[in-house]
Each structure stands twice: as C-alpha cells, then as structure tokens.
Amino acid sequence: MNYPLTCAQRRLTLWLVGISLFAGFALTEDDQQLKEGKSSIKTEKSTPKNWKEKAKLKIGMESASSFSINHTGYIVCGKHDDPSGTFLNTLWAYDNKTNLWSKKKDFPGKGREWAVAFSIGTTGYYGTGWNGTVLNDFWSYSALEDTWEKLKNIPIGRRAGVAFSIGEKGYISTGWNNGHMLNDLWEYSTSKDEWKKLKNLPGKPRQMALGFSINSKGYVGLGLSKKSLSDLWEFSPESNSWEKRLSLVNMPSYYGCAFVIGNNVYISTGANEKHVLETWCFNSISNKWIQKESFPGRGRHGAVSFSFEDSGVIAAGWNQKDPRFVDVWQFKP
C-alpha cells in the first residue's frame, strides 16, 4: 500500500534530489575542467617560515638577469634606483652557503635591462635586452676566471624574452622586437658558437614570460600578450617538439620569477591586475600545481631568481610605489 508523504519526508526528498543534481553538475564541471587542463590544480595549506630574508643587495635594481652556478647566484645589469634610471653593467654574485654578496667583473657590453641569461657548467651566458633600442649581442662569463667573452649574436634581437639550458646547449624564446611579440625558439651550441632556429612555441606570442628547464626538458609559460597568460609548454630537444602542460589558471601573470628544485618549479611575484604574492609549485612528473606559502616581501615585478639544490632565491625588483628593492628572500620547501 502506498502512503502519502509527510511534509518532513517531502522536504527530505527535495533536499536529496537537490544534492544529486548538484553532484551531477559538479561532475560535469570537473569533466569540462579536465578537458581544459584545469582539474589537477590543488591547494595546500602553507607551512610557516618557508621563506627567510637573507643579506641585502648593495644597490636597488630591477629588470636585471640572473643565472646560477653551483651554490652561487649571479645578477647582471638591470636598471638602477636613481632619478635617471641608469642602465647598469654590473655583475654581482651571491654565495648561498655564506650568505655574502661580492662584486665581480663588470659586463663589458652596453648596460641594459630585460635581457636573458642561463648557465652551463661553470659558464654563464647573457645577451639580448633593451637600453632604448632592442639588442641582439651575446656573451659568456667564466665563473672560474671572472672574465667575459663576446660570442656570436642571436639572429633576432629582443627584450623581455626567456632562456633555459639543457645539456651543452642554451635556448632563447619569446620576447618583444620593435612592436612585435615573439614566439620563436633559438638553440645555441656552446661547442660551435652558432645559432639554430627550432620549432616555434605553439602558444601565443608573448613577452615577460618564464623560462626554465627540469632534467632534459625546457619550459616556457605565463607572460603577457594582450593580457596575462597562464599556459605552460614543455619542449623536448630530442624531437624538436612542444607539449602543452597544465595551465596555472589560478594565477595568470607576467614578469614574475621561477626557480627549480629537483622535479619542481616554484613560481612567485610578478603582476596581473595587481602585484602577485602567491607562490605555486609545479611538479613536472605529476603535471600538477600546488599552492605554497606566499612571498612575504612587498609585491613586485622585474625581480630575479636563483635555483640551488635545496632552495630558491628571489631578489630585487620594483613596484612603482617603492624604491627599487634590495631585499633578498630564500625559499626552502
């Protein structure tokens, strides 16, 4: 025999139906996010004191370039904090073990900002940039001898590009050249001192992106096109091919910093509609993003970063409201 439902039973039935419909909607939304490459982003409660302030720079600067060799990070050129906005040609070295800064031999080329740098072995490589005009010169620095050497120019100059190294070769991509955003990729052979054009980045042309390498792969992502970007692309030099990885949809940004520790890259600072303080970690094996402890310093763009074996460092930068920064922050997972 069927009995009529009481008011309480009817309310319970409607509530259960609503939950079922919501669950169905959530599943559909998750399926759509998975299709778009969003669903693997996770948030992790940050443990305090991942960040620690270290010895300050001797002068404030922004839009410099950086590379790391063993336990030493190097900052080259950039723009100084004075009324004229002087383009620097200085080279500063930070010892991650002793927490000390030392002045190295000045860069012999023209002072500049928005250049690119990478390292291979005990040699740093530096070039391109902007000092009122787009530059395409390229140089090497010997950390053992504290000397600079002029190398073959990259065929297409640029400002605000990215660079990374894999094995004995370096790579330069993206940037801006006389009104045009770039998505090209150039490979530099250290043994031959020559450049080779490779397959273009499949994503949008951009500037102020991030470039880094993990093991035998290179990565280019985020940056500024007509708006802030969140995509991430992986480059395989063996096949000269690109593969799209999971986008950082939670934090599209440009002109930030990235440092690599093991199989992970950590991304922080930079700008979108406002300056970014969040820190996100991408694992190259799991293809997932996890939020970490936020950057504790002032919001900024145009900072530099170093990658060390067990830590990363972010230094310098600018935010229009403060003098160019001298603070230095170390992150340990």
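The values are calculated or read from the model by the stated rules, or taken from the named source; none is laboratory data. Small disclaimer: the values here were computed from a predicted structure and weren't measured. Backbone-built Cβ (ideal geometry, glycine too); neighbour counts: all protein chains shown.
Considering the stretch 53-92, and only residues there that are among the basic types (K, R) and in a loop (DSSP other than H, G, I, E, B), the residue that is farthest from F107 (Cα to Cα) turns out to be K56.
What's the total number of residues in the stretch 108-134 that are touching a Phe, Trp or Tyr at 6+ places or on another chain (Cβ under 9 Å) and either within 12 Å of I172 (Cα to Cα) or part of a strand (DSSP E or B) (or both)? Of the residues in that region, 15 qualify.
Is one or more of the residues making up the stretch 307-314 under 17 Å from the mean Cα position of the chain (by Cα), under 24 Å from L229 (Cβ atoms), hydroxyl-bearing (S, T, Y) and in the same structural domain as N50 (by TED's automatic domain parsing)? Yes, there is a match, as at least one residue in the stretch 307-314 is under 17 Å from the mean Cα position of the chain (by Cα), under 24 Å from L229 (Cβ atoms), hydroxyl-bearing (S, T, Y) and in the same structural domain as N50 (by TED's automatic domain parsing).
Quickly run through the stretch 175-188 and pick out the residues that are more than 12 Å from K199 (Cα to Cα) and at pLDDT 95 or above.
If the condition is that a residue be more than 12 Å from K199 (Cα to Cα) and at pLDDT 95 or above, then G175, W176, N177, H180, M181, L182, Y188 are the ones that fit.
L198 meets the conditions (1) buried (at least 24 other Cβ atoms within 10 Å of the Cβ); (2) of a type in the set (A, V, I, L, M); (3) farther than 24 Å from C281 by Cβ in every case but one. The failed one is (1). If we scan the stretch 241-263, do we find a residue that is within 13 Å of T174 (Cα to Cα), out of contact with any Phe, Trp or Tyr (no Cβ under 7 Å at 6 or more places or on another chain), surrounded by fewer than 19 Cβ atoms within 10 Å (Cβ to Cβ) and in the same structural domain as S294 (by TED's automatic domain parsing)? So far as the stretch 241-263 goes, no, none of its residues is within 13 Å of T174 (Cα to Cα), out of contact with any Phe, Trp or Tyr (no Cβ under 7 Å at 6 or more places or on another chain), surrounded by fewer than 19 Cβ atoms within 10 Å (Cβ to Cβ) and in the same structural domain as S294 (by TED's automatic domain parsing). Residues of the stretch 260-293 that are part of a strand (DSSP E or B) and either free of Cβ contacts under 8 Å to residues at least 24 places away in the same chain or touching a helix residue (DSSP H, G or I) at 6+ places or on another chain (Cβ under 6 Å) (or both): N283 alone. Of all residues in the stretch 93-107, exactly one satisfies the criterion of being among the aromatic types (F, W, Y), part of a strand (DSSP E or B) and touching a Leu at 6+ places or on another chain (Cβ under 7 Å), namely W101. Candidates in the stretch 315-333 are the residues that are more than 18 Å from the chain's Cα centre (by Cα) and surrounded by fewer than 21 Cβ atoms within 10 Å (Cβ to Cβ); of these, the one that is nearest to N50 (Cα to Cα) is D327. Hey, does the stretch 122-138 have a residue that's farther than 24 Å from I267 by Cβ, of a type in the set (S, T, Y) and in contact with a Gly (Cβ under 8 Å, 6 or more places away or on another chain)? No; the residues of the stretch 122-138 include none that is farther than 24 Å from I267 by Cβ, of a type in the set (S, T, Y) and in contact with a Gly (Cβ under 8 Å, 6 or more places away or on another chain). Within the stretch 47-57, is there a residue that is at pLDDT 95 or above, closer than 16 Å to V328 by Cα and of a type in the set (G, A, S)? Checked the stretch 47-57: at least one residue is at pLDDT 95 or above, closer than 16 Å to V328 by Cα and of a type in the set (G, A, S). When E238 is tested against (1) in a loop (DSSP other than H, G, I, E, B); (2) under 30 Å from N50 (Cβ atoms), just one condition goes unmet, and that condition is (2).
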